[in-house]
Structures are given as C-alpha cells and as structure tokens.
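To keep things clear, I will list the structure first and then write my remarks on it.
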Amino acid sequence: MADVDVKRWARMGAEVRLAELRQEITAILAAFPEFREGDGRQGGLGAPTRGRTGNGRGAASSAANGGGTPGAAKKRKRRTMSAEARRKISAAQKARWAKQKGQAASVASDAGAAGKKRESKRGK
C-alpha cells in the first residue's frame, strides 16, 4: 500500500471516531447539564484548570444561587453599611485595641518591676 493510502485511511478512521465522540459528548451533556463548558466550574469539559478557580464558594453555594445553566450566574448585590454602623464598629474596635494596649502596658510594667535588680550600696 502506498503511503498516501495509509494516511487517507487513518484520516477516515479519525473522522469516524470524532463523530462517535461528538455523539457521546452530546449524550453525556444531556444527562449532566452541569458539565457544559463556559459555566465557570471546575470539572467541565473545557481545558483543565489548576489552582483556585471561581469565587471560592463551592458547588453547593452555586447550586443554591441558581447555578447549573450557562449564563444564569447572578451577580450578588453587595451589602452596604450605614455611616452610623461604621462609626459604631470603629468605636468598638478602638475600645478593644485600647483595652489590649492597657493590658499589655500593665503586663510590661509588672515584668519591668519584677525584672529589675536592686543595686547594693557596696556596688556604687
């Protein structure tokens, strides 16, 4: 057989196998629509991903938010805080820091008093 014939038969076999694979993919996607490409999930049929992907909330959260179909991803509205609430939180945090600083200062002064040596009169 000529070299050209072998390539032609190989190409025809590859085309037949590709058609079979496309049919299998269609059947799998019909059974498992969450595997569709482009929905941003790991485990799809797209290119493999490494490291962290998505928003870090996991599949349970995306399923609860109506995920599973491409293009259905809803952007969550950010919660806003009033200026009064921010002031209260700021004051509470500053009070915590002051309390910690006061405890640290008292611990340091106690350690400083205990750690000092008395000098004898003879040493002078």
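The values are calculated or read from the model by the stated rules, or taken from the named source; none is laboratory data. These numbers come from a predicted model, not from an experiment. Note that we place each Cβ from the backbone using ideal geometry, even for glycine, and neighbour counts take in every protein chain shown. Surface accessibility is based on the protein's heavy atoms, side chains included, excluding ligands, DNA and RNA. Shrake-Rupley method; radii C 1.70, N 1.55, O 1.52, S 1.80 Å.
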Pairs, please: C-beta under 9 Å, at least 6 apart or cross-chain, first residue at positive phi and in the stretch 80-92, second open to solvent by less than 90 Å² (accessible area, probe 1.4 Å) and among the polar types (S, T, N, Q)?
none
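Within the stretch 66-99, restricting attention to residues that are part of a loop (DSSP other than H, G, I, E, B) and of a type in the set (A, V, I, L, M, F, W, C), which residue is modelled with the highest pLDDT?
So in the stretch 66-99, the residues part of a loop (DSSP other than H, G, I, E, B) come out as 66-82.
Of the ones still in play, those that are also of a type in the set (A, V, I, L, M, F, W, C) are 72-73, 81.
Numbers: 72: 61, 73: 69, 81: 90.
If we take residues in the stretch 66-99 being part of a loop (DSSP other than H, G, I, E, B) and of a type in the set (A, V, I, L, M, F, W, C), then 81 is modelled with the highest pLDDT.
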Residue set 62, 106; condition out of contact with any helix residue (DSSP H, G or I) (no Cβ under 7 Å at 6 or more places or on another chain), at pLDDT below 60 and assigned to a helix (DSSP H, G or I); output residue 62
